[in-house]
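Below: one structure, written as structure tokens.
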Amino acid sequence: MKILLITLLSLIAFAGNSILCRIALGQGQIDAASFTSIRLFSGAITLFILYMLFHKNKQTASKGSWFGAVYLFIYAITFSYAYISLETAIGALVLFSSVQFSMLAYTFFSGTKIYPIEWCGALIAFIGFSYLVLPDISSPSMIGFVLMAISGMAWAAYTLVGKKSSNPLADTAFNFMRTLPFITLLSIMTLNATNISTTGILLAVIAGSVTSGIGYAIWYVALKHLTSVQAAVSQLSVPIIAGIGGFLFLSEPISERLTISGAIILIGILLVVLGKKPLKP
């Protein structure tokens, strides 16, 4: 139950992160580069404060990696620029499809045993996910499509790196802090294209401090108890969680499609969790 709660909290953070990013960029409150820079910088500050509070006078050999920082930055910057030209639905489909396929491919080709029921669960969950978003999809921007696919692969890599984390808070904090040289260079390169509003800054700070920084640290905690397949498939529930959040906080109705899709995705996730017989690659 504890692991379920931790995983759910991280997935809720992912859903909130997507909503905040889409509002900020979709409504022109801030430009993509500034949103990314403020988001990562805010996350770094928040996590550093938490690290100092909870690790004061403690020694830890676990302090993230440059690989993790690079994956995190690539994910964040491509995610922001992709949502300039992509609708929410197609962005979600491309992102989470890329995440799932990348992680499943890595798991398969790394020689890790994959259970037949896990394959079925992953397929069922993806069908449910596709059922939710496909009716609202129009022809996507090719640039946006490619950027979001790269973002998904980078996030998959960041997730896989996190499975080896022995200290989630420290690793996440130092991963965020290692992105500071990248966002400094990004800010210099895009200085003439800066477009910032107070609302945009606030949304970026919340996304960085709460739904990204703290959310990703919680995700690293959850990853210690999840297989790569479980981690990949569980993220397909993020659009469903976002829909529930819209109902609770924005009075948006829960459609019949959302209900059916949610049920199908949950069945798929359940099958992945209950997988038993291995299928060798």
Q: Mind running the shape call on segment 66-171? Use the C-alpha gyration tensor, a ≥ b ≥ c as the square roots of the eigenvalues: rounded below 1.5 for a/c, prolate if a/b tops b/c, oblate otherwise.
A: oblate
Q) In nm, to one decimal, how far is the Thr259 label point from the Ser197 one, both placed 7 Å along Cα→Cβ? A) 3.6 nm
Q | Order of exposure, largest accessible area first, which applies to Ile265, Ile6 with probe 1.4 Å | A | Ile6, Ile265
Q: Can you bin segment 144-212 into rounded, prolate or oblate? Criterion: square roots of the alpha carbon gyration tensor eigenvalues sorted a ≥ b ≥ c, rounded for a/c under 1.5, prolate for a/b above b/c, oblate for the rest.
A: prolate
Q) If amide H atoms are built 1.01 Å from N in the plane of the peptide, which residues on other chains or at least 5 residues away come under 5 Å of the amide H of Ile114? A) Leu279
Q: State in Å² the accessible area per residue of segment 77-214; use a 1.4 Å probe, count heavy atoms of protein chains only, and round to the nearest integer.
A: 45 Å²
Q.
Keeping all protein chains in the complex and leaving out DNA, RNA and ligands, what accessible area do you get for Val233 with a 1.4 Å probe, in Å² to the nearest 10?
A. 0 Å²
Q. Given [x] 17.3, 49; [y] 18.2, 57; [z] 20.6, 63, which label gives Rg and Dmax of the Cα atoms in Å as computed from the coordinates?
A. [y]
Q: Quick one: what are the phi-derived ³J(HN,Hα) couplings along segment 121-131, Karplus 6.51/-1.76/1.60 with θ = phi - 60°, whole Hz, x for glycine and proline?
A: x, 4, 5, 4, 4, 5, 4, x, 5, 5, 4
(Q) Using helices alone, I'd like the mean residue ellipticity at 222 nm for the chain: each DSSP H run of four-plus residues gives -39500 (n - 2.57), total over residue count, nearest 500. (A) -24000 deg cm²/dmol
Q. Ignoring ligands, DNA and RNA, what percent of the 1.4 Å accessible area of the chain is carbon and sulfur?
A. 72 percent
Q.
Contact order normalised by length for segment 122-246, with contacts defined as Cα pairs under 8 Å and 6 or more residues apart; what percent is it?
A. 48 percent
Q) Residues with amide H under 5 Å of Ser65's amide H, sequence separation 5 or more or different chain, H placed in the peptide plane at 1.01 Å from N; which? A) Asn175
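The values are calculated or read from the model by the stated rules, or taken from the named source; none is laboratory data. This is a predicted model, so every value here is computed, not measured. FYI the Cβ positions are ideal-geometry reconstructions off the backbone, even for glycines, and counts take in every protein chain you see. The protein model used for the area step is the full one, side chains on, heavy atoms only, and it has no ligands, DNA or RNA in it. Shrake-Rupley method; radii C 1.70, N 1.55, O 1.52, S 1.80 Å.
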